[in-house]
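Chemist: Input: one structure, supplied below.
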């Protein structure tokens, strides 16, 4: 049974996280992805050496691709790239601002030369505006987009602990490419797509944006609380921490009756509405905290589940590794097979298969020969 994107050729002139995430998803769906690397390789190969001497980022984001090493400052290697692009369905790139245009591969010129080609350019801030030529890395964009200002506790802003701006850009690019493929099936025409890290994260910031622009203020940084819901946060038990969330008045009543063993608390004027509970969060959290502090996590989890209250354990990465809901997949790398957390989407199609992570330039000679250039000697 053919895979969803089988037969599509994707050229990936990429590095780091955002574009590789996008093209990894395309490769997972069966597209042939030719990854163009410098002779020293994608610099993400050197981010760390935790996976059998290989980079965690590279192993995660480059399965199922072929690697060709090209020096795009050299005319001979640009000729190779032109030959590949001429047969490609999709081109994805996230080089430094203006780099592709200086090499003669700007999106507008490619669009004119190859009308059916879908081109996706991923940048830090887009190609217009005063920031268009700025280098952009994930933490810098988290800060510029205001994300750090709403992350962390009251005492200080914080970085989100994963590369959320890169990941958002990669998923936005993936969705836009799939949409463009559907449109091309109707019109025969390709599309020029531009995705920026800043634009993707700014979109995710719409709630605090609207709160400030139209409400005049935003709640203070909540740490492990919720700025507009209470009780919603972390409470310490004798052997660990539990987060819980009360979303409705029905849940609040059940929580007071079945977990707190204090039904009268539900009608206390300070806590009888959500706005009242938020306004008196400190006192309320003290009452809830005292109840939890004398019990084990298993006991409180059972009580919360019986009462129909949403909760979760404050896990460590070790807890994630052993989590009973976690799905993993395995695939090959140059140094052996690895186990990686599975992509989120599941379908009733045939089970996905995951290709090997390539070595630097592993397919250079074969690809050059395929596209009409002699084998290297």
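Chemist: Counting pairwise Cα distances across the stretch 232-313, what percent come out greater than 16 angstrom? It would help to have the intermediate numbers written out before the result.
Modeler: Values: 1505 of 3321 pairs.
Tail fraction, whole percent: 45.
Chemist: Just want the ordering: 204, 60, from fewest to most Cβ atoms lying within 10 Å of their own Cβ.
Modeler: On the way: 204 14, 60 18.
Ordered from fewest to most neighbouring Cβ atoms within 10 Å, 204, 60 come out as 204, 60.
Chemist: Order by neighbour count: 234, 207, 17, fewest other Cβ atoms within 10 Å first, most last. Please report the intermediate quantities before stating the final value.
Modeler: Working: 234 17, 207 12, 17 26.
Exposure proxy ranking, most exposed first: 207, 234, 17.
Chemist: Right, next: Report the full-extension gain for the segment residue 143 to residue 316: residue separation times 0.36 nm, less the Cα-Cα distance, to one decimal in nm. Write down the numbers at each step before the final one.
Modeler: On the way: separation 173, 0.36 × 173 = 62.28 nm, distance 2.53 nm.
Between residue 143 and residue 316, full extension yields 59.7 nm more.
Chemist: Can you compute the modelled spin-label distance between residue 39 and residue 1, with each label point 7 Å from Cα toward Cβ, in nm?
Modeler: If labels sit at residue 39 and residue 1, their model points lie 4.6 nm apart.
Chemist: Let me ask another. Between the stretch 1-38 and the stretch 208-234, how far is it from one alpha carbon centroid to the other, in angstrom?
Modeler: One Cα centre to the other: 39 Å.
Chemist: Once you put a point 7 Å from the Cα of residue 73 and another 7 Å from the Cα of residue 113, both along the Cβ direction, what distance in nm separates them?
Modeler: Label-label distance for residue 73 and residue 113, simple model: 2.0 nm.
Chemist: Moving on. Quick one: order 256, 69, 22, 120 by neighbouring beta-carbon count within 10 Å, fewest to most.
Modeler: Numbers: 256 22, 69 19, 22 30, 120 26.
Neighbour counts put them in this order, fewest first: 69, 256, 120, 22.
Chemist: Take the chain, drop everything but the C-alpha atoms, weight them equally and run the Debye formula without solvent; then report log10 I(q)/I(0) at 0.14 Å⁻¹ to two decimals.
Modeler: The computed values of log10 I(q)/I(0) come out as -1.19.
Chemist: What whole number of Å gives the distance from the Cα centroid of the stretch 247-297 to the Cα centroid of the stretch 315-366?
Modeler: 43 Å
Chemist: At 222 nm, what helix-only mean residue ellipticity would the chain give, in deg cm²/dmol to the nearest 500, using -39500 (n - 2.57) for each DSSP H run of four or more? Before the final figure, lay out the partial values.
Modeler: On the way: 15 runs with 136 residues, N = 377.
Estimated from H runs of four or more residues: -10000 deg cm²/dmol.
Chemist: In nanometres, what is the gap between the two model label sites at residue 132 and residue 342, each 7 Å from Cα along Cα-to-Cβ?
Modeler: 4.4 nm
Chemist: Now for a separate question. With the contact rule set at Cα under 8 Å and sequence spacing of 6 or more, what percent relative contact order holds for the stretch 210-297?
Modeler: Details: 104 pairs, mean separation 27.6, N = 88.
Answer for the stretch 210-297 is 31 percent.
Values quoted throughout were computed directly from the atomic coordinates according to the rules given, and no laboratory measurement underlies them. Note that the structure is predicted; figures quoted are calculated from it, not measured. Neighbour counts are summed over all protein chains in view; Cβ atoms, including those assigned to glycine, are modelled from backbone coordinates with ideal geometry.
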